[in-house]
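Asks: I have a structure I would like to understand better, so I am pasting it below and will then ask my questions one at a time.
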Amino acid sequence: MIPIYMDQHIPRAITEGLRLRGVDVITAYEDGADKMGDAELLDRATKLGRVLFTQDNDLLSECARRQKEGIPFSGVIYAHQMRVSIGACIHDLEIISKAGEVEDLSNRIQFLPL
């Protein structure tokens with residue numbers, strides 16, 4: 001199973017929907033990391049062995065930089081705020097979490113919808 005780390009901009013409904021489905025989720029707010037910048041947030045998720053879920057397209061630039069420079073990170077799942085519904089996010093994140101391992105997304109960006 002892939003544990004997920006929610007960045008500070010994710011709607012609570014997604015987090016709660018995933019928890020109701022048995023997905024291991026922690027939020028940046030719960031972790032005291034809600035004021036961190038993109039690089040620090042990605043480092044925190046990696047340190048905790050969790051894949052970061054975000055709807056912040058600026059974070060994609062940080063991922064691309066790390067990929068280019070060979071700096072490891074545990075992986076990012078990205079969904080555009082206006083193009084993927086809350087229900088679709090919950091559905092796809094549940095599938096990803098329950099069907100894989102953290103290593104499957106290591107140093108990668110997975111875009112939603114699947």
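Taken together, the values in this text are just the output of simple stated rules run on the coordinates, not laboratory data. Since we're looking at a predicted model, the values are computed, not measured. Every residue, glycine among them, receives a Cβ derived from its backbone with ideal geometry; neighbour counts consider all protein chains shown.
Asks: Roughly how tilted is helix 38-47, in degrees to the nearest 10 and between 0 and 90, from the longest Cα axis of the chain?
Replies: 80 degrees
Asks: Can you tell me which lysines have their Cα less than 27 Å from the Cα of Lys68? Leave out same-chain residues fewer than eight positions away.
Replies: Qualifying lysines at Cα under 27 Å: Lys35, Lys47.
Asks: Same structure, new question: Between the stretch 5-22 and the stretch 96-114, what's the alpha-carbon centroid distance in Å?
Replies: Here the two parts' Cα centres lie 16 Å apart.
Asks: Continuing with the same structure: Multiply the residue gap between Lys35 and Gln81 by 0.36 nm, knock off their C-alpha separation, and tell me the result in nm, one decimal place.
Replies: 14.6 nm
Asks: May I ask you to list the residues of the stretch 15-54 whose amide nitrogen lies under 19 Å from a point 7 Å from Cα along the Cα→beta-carbon direction of Glu103?
Replies: Answer for this model: 46-52.
Asks: Compute the signed sum of charges (Lys and Arg +1, Asp and Glu -1) over the other residues within less than 13 Å, Cβ to Cβ, of Met1.
Replies: -2
Asks: Please pull out the direction-averaged projected area of the chain, using the convex hull of its alpha-carbon atoms, in nm² to one decimal place.
Replies: 6.1 nm²
Asks: Can I ask one more? Suppose each label sits 7 Å from its Cα in the direction of the beta carbon; what would the His9-Leu114 distance come out to in nanometres?
Replies: It works out to 2.5 nm between the two label points.
Asks: Taking the Cβ of Leu18 as the center, what net charge do the other residues with Cβ under 10 Å away carry, scoring Lys and Arg +1 and Asp and Glu -1?
Replies: So the surrounding residues net to -1.
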